[in-house]
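Heads up: the structure comes next, in structure tokens.
The values are calculated or read from the model by the stated rules, or taken from the named source; none is laboratory data. Every value quoted in this text rests on a predicted model; they were computed, and no experiment measured them. Here Cβ is always computed from backbone atoms with ideal geometry, including for glycine, and neighbour counts include all displayed protein chains. Areas reflect the complete protein model, heavy atoms only, side chains present, ligands, DNA and RNA absent. Shrake-Rupley method; radii C 1.70, N 1.55, O 1.52, S 1.80 Å.
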Amino acid sequence: VTAITSDDGGDLDAAPDIFAAWMPSHVRLMHLVAAKWVTDPIFELTRLGVADKLADGACTAEELAASCGVLADPLRRLLRAAASVGVFSEQADGRFRLTPMAAHLCSEAELCLRDFALLLNSDPMRRSFGALPKVLETGLPGFEEANGVGFFDYLGQNPDLGLTYQRSWAPLTRRVANAAAAVIDLRQFSRVADLGGGNGAFLLTLLGKHSHLTGILMDQPSVLEAITPELVDDPHAHRLEMFPGYLPEQIPPDVDAYFIKNTLHCFEEGLVAETLRSIRRTIGGRRDCGLFLIESVGLLGNEYDWGKLIDIEVMVNCGGRVRTVEQWDWLLRACGFRLDNASNLLAPQWLLSASPS
Ligand SMILES: C[S@@+](CC[C@H](N)C(=O)[O-])C[C@H]1O[C@@H](n2cnc3c(N)ncnc32)[C@H](O)[C@@H]1O
């Protein structure tokens, strides 16, 4: 087990440097507190599909405005604000073009973040962050406070946002699945399950690499129902079995390895423990069954780390938490598992490999 101690954290007082060297400290702070000056233009440009319209070449603000059905002057100003942080770029001839960052907003991009941008800026998710004072007061998720219903129930009741949620993580999940397949010897398993597996991006990537594998995709019934039509064209979907159900109770039996990626960080402590115990009960006497958790983990020190930010996202939306390796070690031991290895898989995601103790 790779222990994360303060020795690994470097200088705990060192400030992370994510800004241009010329920026004085007050400009850096202004940039952060006024982040909406760039995030809202980027979101609006995403909603209008501007990146797709630039995929075949640069356009003027007037051309883009006509195709989006909006006014050219405000659109140009949004584009300039976005271009000031490297999302789109204005050429000398006044036309705008894609940049490497803007290219991720194209629907056909391999690593498309369009749905991610739409999800994080959706009204209910903005409202949940408006409830941060209440989170501080009660420790309960702001999403429910702001929207009257829990996060995953809301997604189930609003299928469009539910699909955006599933699509938002899929391109990132595929990359992580490729990294996981490179370090886990999957030849030893024949039936593997992904609990809270969403739209199957993780499992399908594993199945694509190993033709002998069968995958059990477990998630809430409304999620599996919504994503099933999207799987018809996948060449590996015939080796995917659907297992609709709810954690912690419903765990698919008779599998050789369980994967849980970025789902347990959405859960509060009690639900994580109940889920792990439920998996352990299902495994029973088998010692050769693997458990693989893929999560960003809490790191010490002040360096820029996605895990510290996703911790806020899951705290506000679903009462979850990004846990340290030590916390995982403790939780796994308390629930009948042994943490065999913890390693950085593809930053910020870690692979925690465990087996029944
Ligand atoms: C952050 S997403 C991760 C999806 C996928 N594992 C990935 O990494 O791309 C969390 C997933 O957990 C599922 N989930 C949440 N609560 C659940 C529950 N009680 N039972 C089963 N699945 C649940 C959600 O539907 C969602 O697909």
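Based on the alpha-carbon gyration tensor of the stretch 224-307 and its eigenvalue square roots a ≥ b ≥ c, which shape applies: rounded if a/c is under 1.5, prolate if not and a/b is larger than b/c, or oblate? Spell out each step's value before the answer.
Details: a/c = 1.92, a/b = 1.24, b/c = 1.54.
Oblate shape, in that a/c is at least 1.5 and b/c is the bigger or equal ratio.
When F143, F152 are compared by accessible area of protein heavy atoms, the largest-first order is F152, F143, using a 1.4 Å probe. Pairs of Cα atoms nearer than 8 Å and 6+ residues apart set the relative contact order; for the stretch 220-296 it is 36 percent. How far, in degrees from 0 to 90, does helix 269-283 lean away from the longest principal axis of the Cα atoms of the chain, to the nearest 10? It works out to around 50 degrees.
Karplus-based coupling profile of the stretch 202-212, in residue order and whole Hz: 5, 4, 5, 5, 5, 5, x, 8, 9, 6, 7, with θ = phi - 60° in 6.51 cos²θ - 1.76 cosθ + 1.60 and x standing for Gly or Pro. Ligands, DNA and RNA are left out, and with a 1.4 angstrom probe the accessible area of the chain is 49 Å² per residue. Each Cα pair under 8 Å and six or more residues apart adds its separation to the average, and for the chain the resulting relative contact order is 16 percent. Taking the C-alpha atoms only, the angle from helix 159-183 to the longest principal axis of the chain is near 60 degrees. Kindly express, to the nearest 10 degrees and within the range 0 to 90, the angle between helix 325-334's C-alpha long axis and the longest C-alpha principal axis of the chain. The angle comes out near 30 degrees. Name the shape class, rounded, prolate or oblate, that the alpha-carbon gyration tensor gives for the stretch 301-346, where a ≥ b ≥ c are the square roots of its eigenvalues, rounded holds for a/c under 1.5, and otherwise prolate holds if a/b is larger than b/c and oblate otherwise. The shape class here is oblate.
Counting only protein chain heavy atoms and rolling a 1.4 Å probe, the accessible areas of Y304, Y165, Y258 rank, largest first, as Y304, Y165, Y258.
Among bridges DSSP assigns within the chain, what percent are antiparallel (round to 5)? Before the final figure, lay out each step's value.
Values: 17 of 35 bridges.
About 50 percent, rounded to the nearest 5.
Taking G336, G270, G196 in turn, the Gaussian network model of the chain (Cα-Cα springs below 10 Å) assigns the largest fluctuation to G270. Distance between the pseudo-spin-label points of E137 and Y246 (7 Å out from Cα toward the beta carbon): 2.8 nm.
Taking the 1.4 Å solvent-accessible surface of the chain as the whole, the part contributed by carbon and sulfur is 55%. Annotation: lysines with alpha-carbon distance below 25 angstrom to K261 (same-chain offsets under eight excluded): K209, K308.
Averaging the sequence gap over all C-alpha pairs within less than 8 Å and six or more residues apart, then dividing by the number of residues, gives the stretch 13-156 a relative contact order of 16 percent.
Judged by the gyration tensor of its Cα atoms, with axes a ≥ b ≥ c, the chain is prolate; a/c meets the 1.5 cut and a/b is the larger of a/b and b/c. Computed over the chain, the per-residue total of -39500 (n - 2.57) for DSSP H runs of n ≥ 4 gives a 222 nm mean residue ellipticity of -13000 deg cm²/dmol, rounded to 500.
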